[in-house]
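In what follows, a single structure is set out as structure tokens and then discussed.
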Amino acid sequence: NSANNTSSANLTVTNQIALATSKAASVGTGPIADGAEFFYTIEVKNDSSIPVRSGQTITVVDELDGKLQYTGTDAPWSCNAVPVAWSASTPQTVTCTLDDGIAAKGSSNLKLNVKAHLDTGDWAQIANKAAVSCPTGGRVCLGHTDGVILTNEHKINLSELSADLSITKAAAITSGFS
């Protein structure tokens, strides 16, 4: 019977992904001295059920404080700093890209290596943020019509101040005690 040989189904196809970010410094909560090298880990997580395909570029932009100098990153991320040379009066903007994609429910960690620069006796608390852009190649990021997702803010303490303390202890022996 050819009258009942057809079937139909409704299918919703989406090209929307949900990226999330987090950021942490490798130094914990203690103060960082002048010349100390450390790194930020910026995790870019794909919370959606579809992958960011290889070739769809994800971009992270991090505007460093003038007391921090960009010193490099690890593959598969690729980064460059503007200006290239560090100067306290002209903070560096670091732009990093990932072209390898991120699996559905997967993540990629960007390790941003930096070096602290402080004047003698200086102290500072730096709150650092990075912006992550929706991948290129026709993807739409859920809840972000402008294509930019901000990370959480991470604070670190920089200090060239140190305590100048000493303790001297002496014991006296009193007769009659043994």
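The table below gives the values:
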read-out	value
Evaluated at q = 0.16, 0.17 Å⁻¹: base-10 log I(q)/I(0), Debye formula over Cα of the range 8-136	-0.80, -0.88
Protection proxy ranking, peptides 51-57, 78-84, 38-44, 97-103, average beta carbon neighbours within 10 Å, highest first	38-44, 97-103, 51-57, 78-84
Heavy atoms of W86 accessible to a 1.4 Å probe, total area in Å² rounded to 10	80
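The values are calculated or read from the model by the stated rules, or taken from the named source; none is laboratory data. The structure displayed is predicted, hence computed values, not measured ones. Every residue, glycine among them, receives a Cβ derived from its backbone with ideal geometry; neighbour counts consider all protein chains shown. Areas reflect the complete protein model, heavy atoms only, side chains present, ligands, DNA and RNA absent. Shrake-Rupley method; radii C 1.70, N 1.55, O 1.52, S 1.80 Å.
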